[in-house]
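Let me begin by presenting the structure, written as structure tokens, before commenting on it.
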Amino acid sequence: MKRSALVARLTLGFTVFAISRAAAGPAVTTPTFTRDVAPILYNSCVGCHRAGEIAPMSLVSYEEVRPWAKAVRLKVANREMPPWGADSRYGKFRDDRSLTADQIETIVKWVDSGAPKGRDADLPPAPTFAAGWSRGQPDVVIEMPVDFEIPAEGQVSVIDFFTRSPFTQDVYIKGLEIRPGTPGVVHHAGVYVVEKLPDGAKLVNGQIVSADGKPMSRNQVSRANGGSSTEEIQKLLSFVPGRGYEEYQGDAGQLIKAGSYIDFYMHYTPTGTPQKDRTKLGLYFAKPGQAVGHQIYHSFGVAGPTTYIVEGNEYSPKWRVDQTRDEGGVNLPNIPPYAENWKVVSVHTIREPITLYGLTQHLHLRGKSMKYTLTSPDGREEILLDVPRYDFNWQVYYELETPKKIPAGSKVTVVTLFDNSTRNKYNPAPEKEVFWSEQSWDEMYAPQARITVDSRGLMKGTATPPQQK
């Protein structure tokens, strides 16, 4: 073969090979743990999935992740993990730990390719976390006044533990955290401020005892002090699955007045062995430059009245004749057996301008979905938050990326569905009607919001080291 013909044939062959490679697209690179997967886990998962935290396994190193690779793929592909129930089409939220479609695809491809480790040199540094308290040591720690003994089994009624605050002057708070002494037995907890004891009442071993010698709940204390409902009680924060710390943007914060009392409102669940708990509250003071000008509230109720519509009919909440405590949120008609999409709507009228910082929902095992819609005075509607698949195990607080001003004359409509049918895998008894109370097998309706009322300004304060008793 002549040299010219050979060169032509080789040139033609190379051209055909190049065209075929180009048509096939760029070479597909198999994801590896060190280069592709670890950064995703470090950003969105290891806050809980590390030694000593609430998740059942650590996902920090390749050796820890590899045995769980298929389970990780399943949970991620179904968007069950990381826990984030908000529909991504509505709202922008801080600390959004949900995964993008590309991140999910990366994990799926990695597992389907055999979950290769990759080069050690590609592994980024693992994130570091504060030991104990999630944001470092608080400025002040306040404990429950007594240890509480939880039995091995049975039902434990919700109980209030009161202790006097250690402050002899007003303090301004920018961050708070609840840390249970024994996390596994704390179903949920709330911490509140009571400014004073009712006339004739005494503080005895963590209980406020009335003048006639009877222990008083937080709401009974409030009513005795002139309040009419839970809306008059200052809530600090809640501990529920997936939530136990909060801090405040802008000039929002909490004022704890000198001489006030702290109420630990505790709901315990027996775990099969006797346990003991003494939950703690950590307070982070406003620092120089962090003025606190507005008090945080946790309900739209402080800005106006609420109306309820249950299964299409307007309803005024009532308390049963046999109820001795009015804890547990709103008392609504019982949910019938086997009801699959039982609908509750609450319409919150905003009578004075507010600033909205975040939203969450507290339902129990029949909770299915919840959606918040803002209607402006001119009739325009905006979906603030939509959680189409509520998960009792992860009650996330969705904090707005930017606080939102809501004018007077607006309405916030909350639409909630409950599933008491056999389709609900968490339903303990679909054949029974469901009451409204504190236990998990009962139900609770508590749409919550973190707001400030614009007209209710505090004397702006920063925390100089307070005097303590």
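Would you point out the residue of segment 70-88, among those that are farther than 24 Å from TYR398 by Cβ and exposed (fewer than 15 other Cβ atoms within 10 Å of the Cβ), that is farthest from the chain's Cα centre (by Cα)? Step by step, filter segment 70-88, then rank; the result is LYS70. Total residues in segment 100-124 satisfying the condition of being closer than 27 Å to ILE383 by Cβ and either polar (S, T, N, Q) or open to solvent by less than 40 Å² (accessible area, probe 1.4 Å) (or both): the figure is 3. Could you tell me whether ASP160 is surrounded by 15 or more Cβ atoms within 10 Å (Cβ to Cβ), of a type outside the set (A, V, I, L, M) and touching a helix residue (DSSP H, G or I) at 6+ places or on another chain (Cβ under 9 Å)? Yes.
Could you say whether any residue in segment 206-215 is under 21 Å from VAL141 (Cα atoms) and out of contact with any Leu (no Cβ under 8 Å at 6 or more places or on another chain)? Within segment 206-215, one or more residues are under 21 Å from VAL141 (Cα atoms) and out of contact with any Leu (no Cβ under 8 Å at 6 or more places or on another chain). Annotation: of all residues in segment 173-202 being open to solvent by 20 Å² or more (accessible area, probe 1.4 Å) and over 23 Å from the mean Cα position of the chain (by Cα), the one that is farthest from LEU237 (Cα to Cα) is GLY200.
Residues that are within 25 Å of the chain's Cα centre (by Cα), assigned to a loop (DSSP other than H, G, I, E, B) and not hydroxyl-bearing (Ser, Thr, Tyr) within segment 375-422 comprise PRO388, ARG389, ASP391, PHE392, ASN393, TRP394, GLN395, VAL396, ASP419, ASN420, listed in sequence order.
Regarding segment 224-235, can at least one residue be identified that is over 20 Å from SER165 (Cβ atoms), at pLDDT below 90, under 19 Å from the mean Cα position of the chain (by Cα) and part of a strand (DSSP E or B)? No. Counting the residues of segment 419-443 that are within 24 Å of GLY190 (Cα to Cα) and buried (at least 23 other Cβ atoms within 10 Å of the Cβ) gives 2.
Close Cβ contacts (under 9 Å, 6 or more residues apart or on different chains) running from residues in segment 168-188 that are closer than 13 Å to ILE54 by Cβ and touching a residue at least 24 places away in the same chain (Cβ under 8 Å) to residues that are open to solvent by less than 10 Å² (accessible area, probe 1.4 Å) and among the basic types (Lys, Arg) are absent. Within segment 43-61, one or more residues are in a helix (DSSP H, G or I), open to solvent by 80 Å² or more (accessible area, probe 1.4 Å), under 30 Å from LYS404 (Cα atoms) and modelled with pLDDT of 90 or more. Give me the residue from segment 108-127 that is aliphatic (A, V, I, L, M) and in a loop (DSSP other than H, G, I, E, B) and, out of that set, nearest to the chain's Cα centre (by Cα). My answer is ALA126.
Do we have GLN361 as crowded, with 20+ Cβ neighbours inside 10 Å, of a type in the set (S, T, N, Q) and not in a strand (DSSP E or B) here? For GLN361, the condition - crowded, with 20+ Cβ neighbours inside 10 Å, of a type in the set (S, T, N, Q) and not in a strand (DSSP E or B) - is not met.
Okay, residues lined up against (1) open to solvent by less than 30 Å² (accessible area, probe 1.4 Å); (2) in contact with a helix residue (DSSP H, G or I) (Cβ under 9 Å, 6 or more places away or on another chain); (3) closer than 20 Å to TRP394 by Cα:
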site	(1), (2), (3)
TRP68	no, no, no
GLY91	no, no, yes
ARG94	no, no, yes
SER98	no, yes, yes
ALA131	no, no, no
GLU143	no, no, no
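The values are calculated or read from the model by the stated rules, or taken from the named source; none is laboratory data. Quick caveat, the model's predicted, so the values are computed rather than measured. Cβ: placed from backbone, ideal geometry, glycine included. Neighbour counts: every protein chain shown. What goes into the accessible areas is simple: the full protein's heavy atoms, side chains included, and nothing from ligands, DNA or RNA. Shrake-Rupley method; radii C 1.70, N 1.55, O 1.52, S 1.80 Å.
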